[in-house]
């Protein structure tokens, strides 16, 4: 009996490793075609005239908590966005540093009486400010309630039918709003669109705008670029053609305000409020049988700083995994729902089996095979096959992602950079991936224990925010 | 020993699998490097074309005599992209100088050849070039592409027709603009704007009347581009006869855009419409034409159930040209409704922030 269990487990781990690898490979291949199509369409853009009067106005929401280092630079870069009609709403979520006084001082803020439509419950708002210098800049000062609460306060105050949530440390391309609004203009069923967020480490940034993309020198940051290409970029683009995209980055996403308010706004008390909102939109719109699209703009239009040290990276990954767990648990009704379509029947199970439980199975597999090899209940043949699968598929997927990147966006175009990333794609399989899985496993446990959510503050170097 | 090791089918599978993966990974890396190299070559060629031709295009647009460099077959595509870009950014004599340069370079011949290319991008480049050259010889082909091709290439073809001959293009393009609901509205608007009201005439109004009702709100938002008289006739007629809130709201937006003071009675009649979307647009329209007699109504609307109606009414009041700050303050102090007072206070503060000299 014990032998049967051991043999069964061996084949289970082998099959799981093969399945997850092939699934990602498939997503990357779908992404290859999707990106090629997209790039083809984009080439026509240079010839098409637009009439900017018809661009829908957008409210840009910037939740901020203790962001005195970067907030001025962020707001200044947002004020330079190329778009015909938009407002910027910074929500100071009870910062304990100089975020608010700095904003008041630098942007000539004037406190005005508070009057807005409170469609969503939030922590009390302490003040409402308007810039006397920049007519489209507003600031809400409120009691601390977390990022989701801050976004809800911003949603209450937003004047326009579309809103864009961005992180206060995001670096946007000047035309990012023009890019991210496009899916809404091309298809009226679109309710949400995520902008592609790229890693800024190693790049040259001045006054909140990217001048030149580059490769960071530290291996840890390069690993994250590879991981990013493989899972967060092309892995997600792969879901878009079948309208199964379940994750949009909170760093830069655009939503139809009416749909989000109808869904109840951002869920407070969660750590992954951005993902939870997207999954909830899927669930609610599917259950109503509404036609909708949640899509992704593959161009690199938003850049953000990746953790440069292990401690920050660990916190980030634990938080992300917890966010994933909460999003899935809160919307479990979508799983195999009769009206769930491909999201309920394919993407949601994929998220549960591979994304949420993946680290558990992966770590268990490594432990089982290693201990089994030492104690002799797993043969070296099985162990060899297991590691060949895990590492080999990992490298292959990473390299395919690298190829798609070269074919499409060509950001790391120097041969030296491609080789650097190729080496990182191999090396990350020996320790880094396992470490990430270990931290994600801690996140799985955290989400099961469901500790209270708080602002996911990251230790930032903020080099890009310093004046030139 | 090694022989028996590799005889094991599982080991064999692991080795073959790893070997294949390693080979595929290396082959993929090779492809990535080759691709990157080709892209690099392409970029380099574009850069050289820009370097060689930018001064020529600039001088030519300024009407200065220029010596033309040779335009090799490999440089045609990047040059046409550049030339068309210049065309888009220039007006008047400069644009026509650039068109003359295009004729001297034989772009017409090249574009006609490219019009039959297999690549969609090359075809689009040819269409747009013929549009800028105002070459009518391929009119039927381009009109055919506009009518048959529902994708973005059709939109590009429509744009080229408008450039070649707006008058002739109008009967082809206006019905298409009304019919192709999936063409982005800001692009359709650009097409209609380039056609000009003198060429659109009543074509757009007729297209609205013939379109299915669900398309009306979208088309009414464009109707001001067909000229004031045509637009007003349609909007006034719809305001008098329609019940659909979406259509009414779109008409009210048009009234505001057109500054149609004669519709004031119709606007007033919609200020207490059951749909808040209609009420908001009615207030917005009234804001640009209100007289003293509308003040009481606007003050009443400060107590509306809907926040947007209250806020827009408050904004309308504070920007009324015949009211001074003291008058608005007096209205505020007389308000009993808390929500209305909040809205007015906010709007007063907003006006003060925008216009510190307001007295």
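Coordinate-derived values only; no laboratory data. Bear in mind that the values here come from a model prediction, so they are computed numbers and not experimental data. Using ideal geometry, Cβ is built from the backbone for each residue, glycine included, and neighbour counts are taken over all protein chains shown.
Descriptive notes on the structure:
- Between 0 and 90°, nearest 10: helix B:166-179 axis offset from chain B longest Cα axis: 80 degrees
- Chain lengthening between residue A:37 and residue A:119 when straightened (0.36 nm per residue, less Cα-Cα): 25.6 nm
- Computed from Cα positions, the angle between helix A:310-330 and the longest principal axis of chain A comes to roughly 90 degrees.
- Here the extension length gained between residue B:179 and residue B:333 equals 50.2 nm, from 0.36 nm per residue of separation less the Cα-Cα distance.
- Spin-label model distance (nm) - residue B:147 vs residue B:228, 7 Å beyond Cα toward Cβ: 3.6 nm
- For the stretch A:369-412: rounded, prolate or oblate by the Cα gyration tensor [a/c cutoff 1.5]: prolate
- Using the Cβ-Cβ distance between residue A:309 and residue A:219 with R0 set to 22 Å, the FRET efficiency from 1/(1 + (r/R0)^6) comes to roughly 0.95.
- In nm, spacing of pseudo-spin labels at residue A:410 and residue A:353 (7 Å Cα→C-beta vector): 3.9 nm
- Taking N as its residue count, the alpha carbon Rg of the stretch A:246-364 over 2.2 N^0.38 Å: 1.12
- At 1.567 mPa s and 4 °C, Stokes diffusion of the stretch A:191-274 via Kirkwood alpha-carbon radius, µm² per second: 86 µm²/s
- Take every pair of alpha-carbon atoms less than 8 Å apart whose residues are at least six positions apart; their mean separation over the length of the stretch A:55-346 yields a relative contact order of 20 percent.
- The long axis of helix A:176-186 is offset from the longest Cα principal axis of chain A by roughly 80 degrees.
- Once the C-beta distance of residue A:98 and residue B:272 is scaled by a Förster radius of 41 Å, the resulting FRET efficiency is 0.25 to the nearest 0.05.
- Ratio of the Cα radius of gyration of chain A to 2.2 N^0.38 Å, where N counts its residues: 0.99
- Residues within the reach of a label modelled at residue B:59 (point 7 angstrom out along Cα to beta-carbon, backbone nitrogen below 12 Å), restricted to the stretch B:68-89, are B:68-69.
- Estimated D of the protein assembly as shown in µm² per second, where Rh is the Kirkwood radius over Cα pairs and Stokes-Einstein applies at 37 °C, 0.692 mPa s: 110 µm²/s
- Inter-part distance where the stretch A:322-348 and the stretch B:240-270 are each reduced to a Cα centre, Å: 45 Å
- Label point distance in nm, residue B:291-residue A:132, each placed 7 Å from Cα along Cα→Cβ: 3.8 nm
- Using a cutoff of 8 angstrom between alpha carbon atoms and counting only pairs six or more residues apart, the relative contact order for the stretch A:35-185 works out to 32 percent.
- The distance from the alpha carbon centre of the stretch A:48-116 to that of the stretch A:118-138 is 10 Å, rounded to a whole number.
- Fraction of alpha-carbon pairs over 17 Å apart in the stretch B:1-131 - percent: 69 percent
- Computing FRET efficiency as 1/(1 + (r/R0)^6) for residue B:265 and residue B:211, where r is the C-beta to C-beta distance and R0 is 41 Å, gives about 0.90.
- The Cα-based radius of gyration of the stretch A:300-342, divided by its Kirkwood radius, gives an Rg/Rh of 1.20.
- The stretch between residue A:379 and residue A:186, if pulled fully straight at 0.36 nm per residue, gains 63.8 nm over its current Cα-Cα span.
- Reciprocal of mean inverse Cα separation for chain B (Kirkwood radius, Å): 25.7 Å
- The stretch A:355-412 and the stretch B:190-238 have their alpha-carbon centroids 61 Å apart.
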